[in-house]
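The values are calculated or read from the model by the stated rules, or taken from the named source; none is laboratory data. No experiment lies behind these values; they were computed from the predicted model shown. Here the Cβ positions follow ideal geometry from the backbone for every residue, glycine too, while neighbour counts run over all protein chains shown. In case anyone asks, the SASA skips ligands and DNA or RNA and just uses the protein heavy atoms, side chains included. Shrake-Rupley method; radii C 1.70, N 1.55, O 1.52, S 1.80 Å.
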Amino acid sequence: MSTPEAVANQFLETDLNAKAKRTEKLYQILFGTMAGLLILPVLIILTTLVVKGSPVISLDFLLQDPTNGMTEGGIFPALIGTIWLVGVALLISVPVGVAAAIYLSEYAPDNWFTRSINLAIINLAGVPSIVHALFGVGAFVIFFGFGTSILAASATLAVMPMPVVIVATRESLQAVPPAFREACWNMGATRWQTIRRVVLPNSISGILTGVILEVSRTSGETAPVMFTGAAFFIPVLPESVFDQTMALSLHLFVVSTQVPNVPEALPYGVALVLISLVLLMNSASIALRMYLRGKKKW
């Protein structure tokens, strides 16, 4: 017959359990340290930009044109030009990317043609930005006759993050439970009615994830806009998509490398505004995504 002490010893931690807990704690610390190391460079960059760039940040800096050979004044034309470029790029890439994702997810059969499309999307994601820039010059500036303009630059920028938009949208569409589709089909709805009224509304938060990533990439690209639509210095605002414009990314490159006697704080100020613009647009998209995600039925 077992004694009370023997019964109690059965629930004591063994050496094997203690070793497993130590190993688990070690890996937890290791992975936590790696996550912290990923955040650390971001904090260092933001802190450096704020410390060195904040002295030039003011309302005049945001609303005035560059003066005195771009060594003084503000960045208003470049700020408005960046908004033009990103906005037109979104108008081009989001409808095309979402439509392609809908076809691949809801309509396309599993054959060699569909697999070729998926392979092309994967390869497109790895093309360097300078190659996209040369493609934009040949396709949009010369072949389609857009010239060096906002439209040509935005079309080039729209091609670059297209794989991200397609993949994010397709994954979001496929995450919608199949029972939703089957219920609609059993009620007599067509495939397109099911996609439009059930699948797309329940996947909009995932689509916005691709949009957020696109905004982050297109806002900071320099080579594509330099070759296709952005100008070194234009002290007037664009009136249509066929005009040239300044861009914050190119302006940052110019004042950092091409213009002599630039105050040290000026390039950091331009970079700080660019980062802030990206964060502002991303925050708006994230807020909308969270709101729509809260309205999901599942």
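Only one of (1) surrounded by 13 or more Cβ atoms within 10 Å (Cβ to Cβ); (2) of a type in the set (A, V, I, L, M, F, W, C); (3) touching a residue at least 24 places away in the same chain (Cβ under 8 Å) fails for I117. Which number is that? So the condition that I117 fails would be (3). Could you tell me whether the range 79-91 includes any residue that is open to solvent by 30 Å² or more (accessible area, probe 1.4 Å) and over 20 Å from the mean Cα position of the chain (by Cα)? No, the range 79-91 contains no residue that is open to solvent by 30 Å² or more (accessible area, probe 1.4 Å) and over 20 Å from the mean Cα position of the chain (by Cα). Of all residues in the range 55-65, none satisfies being touching a residue at least 24 places away in the same chain (Cβ under 8 Å) and under 21 Å from the mean Cα position of the chain (by Cα).
Residues of the range 132-149 that are open to solvent by less than 70 Å² (accessible area, probe 1.4 Å) and either more than 18 Å from Q244 (Cβ to Cβ) or assigned to a helix (DSSP H, G or I) (or both): H132, A133, G136, V137, G138, A139, F140, V141. Looking at the range 216-298, the helices (runs of 4 or more DSSP H) lying wholly inside it that each contain 2 or more residues that are closer than 18 Å to G147 by Cα and among the aliphatic types (A, V, I, L, M) sit at 223-228. Looking at A175, is it of a type in the set (G, A, S), open to solvent by 40 Å² or more (accessible area, probe 1.4 Å) and modelled with pLDDT under 90? Yes.
Report whether or not Y103 is open to solvent by 70 Å² or more (accessible area, probe 1.4 Å) and in contact (Cβ under 8 Å) with a residue 40 or more places away in the chain. It would help to see each step written out before you state the result.
Values: open to solvent by 70 Å² or more (accessible area, probe 1.4 Å): yes; in contact (Cβ under 8 Å) with a residue 40 or more places away in the chain: no.
Answer is no for this residue.
The residues of the range 165-202 that are farther than 28 Å from E214 by Cα, assigned to a loop (DSSP other than H, G, I, E, B) and of a type outside the set (S, T, Y), listed by number, are M187, G188, A189. Here L59 meets each of (1) closer than 23 Å to S219 by Cβ; (2) out of contact with any Asp or Glu (no Cβ under 7 Å at 6 or more places or on another chain); (3) open to solvent by less than 100 Å² (accessible area, probe 1.4 Å) with one exception, condition (3). Residues in the range 206-244 that are closer than 30 Å to A175 by Cα, buried (at least 19 other Cβ atoms within 10 Å of the Cβ) and of a type in the set (D, E, K, R): E214 alone.
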